[in-house]
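The values are calculated or read from the model by the stated rules, or taken from the named source; none is laboratory data. From a predicted model like this one, the values you see are computed outputs, not experimental measurements. Here the Cβ positions follow ideal geometry from the backbone for every residue, glycine too, while neighbour counts run over all protein chains shown. Note: areas computed on protein heavy atoms with side chains; ligands, DNA, RNA excluded. Shrake-Rupley method; radii C 1.70, N 1.55, O 1.52, S 1.80 Å.
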Amino acid sequence: MRKNVIFVFVFAAVIWGLVQLHTMSLEDSKDQSFNVKGIAVVSYPASVEVRNDIPFELLINPVDKKLLPDSVDYEKFRPNLILLKKGFNEKDSIQLKEFPNIIVNALTIDSFDASILETEYAISLGKAIHNMIYENADRTSSTVSNWNELPITQINGAKVLRFEYKLESQNKKILNIIVSYLFKNDKQVEITLSSPDKDLKEWASIYDNILNNVSID
């Protein structure tokens with residue numbers, strides 16, 4: 001009888017442990033969310049994580065850093081949100097050489113209304129963004145290619161301008177860039193993916209999922 005009681009307790013403990021593991025697994029697989037400056041809520045899958053804790057200087061291409069003055073404060077350029085692969089180790093020099101990432105910035109624009117994008121202003125804004133990207137590339141002696149400007153769409157009430165291109169640095173490192181500007185009322189949210197070719201398929205899917213689920217107040 002005692003053996004049976006012990007067996008029952010052991011069996012119950014095993015089942016409880018399995019239930020706990022399953023629950024933990026479900027929790028780990030759930031999408032997480034991050035509130036960006038009270039302007040937008042960004043949801044992201046469990047395969048990536050927020051890494052705003054990493055000194056931003058470590059994430060900048062060393063070639064680009066050489067073109068900047070030693071006195072530059074890299075933290076001034078820190079995005080509002082940095083998403084990296086879960087478990088990314090910023091102390092690993094190999095991982096730092098080439099890694100996909102998604103960054104998000106959000107701001108409120110005084111005296112702006114997103115409804116203006118229903119006019120020809122959208123065309124001039126697209127040209128301005130194009131010129132800005134090319135000028136920034138020139139400053140770092142990088143080359144832009146495969147430029148693609150997608151038609152304006154709407155996501156969750158926000159108007160979206162999306163651009164895709166390749167960026168080649170001085171050291172021949174090529175990144176695939178997808179950048180989307182979302183406008184709603186007087187709010188602007190910028191979501192950018194930078195990815196090497198080998199990670200592009202996976203991270204483009206993650207990017208689209210994030211983009212399609214972003215909520216702007």
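Scanning for something touching a Lys or Arg at 6+ places or on another chain (Cβ under 9 Å) and either within 26 Å of Glu190 (Cβ to Cβ) or modelled with pLDDT of 90 or more (or both), does the range 30-41 turn up at least one residue?
Pass one, the range 30-41, residues touching a Lys or Arg at 6+ places or on another chain (Cβ under 9 Å): 39-40.
Filter again for either within 26 Å of Glu190 (Cβ to Cβ) or modelled with pLDDT of 90 or more (or both), leaving 39-40.
The answer is yes, given that some residue of the range 30-41 is touching a Lys or Arg at 6+ places or on another chain (Cβ under 9 Å) and either within 26 Å of Glu190 (Cβ to Cβ) or modelled with pLDDT of 90 or more (or both).
Any residue at all in the range 66-74 that's open to solvent by less than 70 Å² (accessible area, probe 1.4 Å), of a type in the set (Gly, Ala, Ser) and either over 17 Å from Lys159 (Cα atoms) or not in a loop (DSSP other than H, G, I, E, B) (or both)? No: zero hits.
For (1) touching a residue at least 60 places away in the same chain (Cβ under 8 Å); (2) closer than 26 Å to Phe77 by Cβ, each residue gets a yes or a no:
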position	(1), (2)
Thr140	yes, yes
Ile178	no, yes
Ile191	yes, yes
Ser194	yes, yes
Lys198	no, no
Trp203	yes, yes
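Any idea which residue in the range 78-101 is modelled with the highest pLDDT, counting only those that are hydrophobic (A, V, I, L, M, F, W, C) and more than 19 Å from Ile178 (Cα to Cα)?
Residues of the range 78-101 hydrophobic (A, V, I, L, M, F, W, C): 81-84, 88, 94, 96, 99.
So of that shortlist, the ones also more than 19 Å from Ile178 (Cα to Cα) come out as 88, 94, 96.
Working: Phe88: 97, Ile94: 93, Leu96: 92.
Out of the qualifying residues, it is Phe88.
Name the residues in the range 129-173 that are under 20 Å from Lys97 (Cβ atoms) and among the β-branched types (Val, Ile, Thr), would you? Selection gives Thr140, Thr143.
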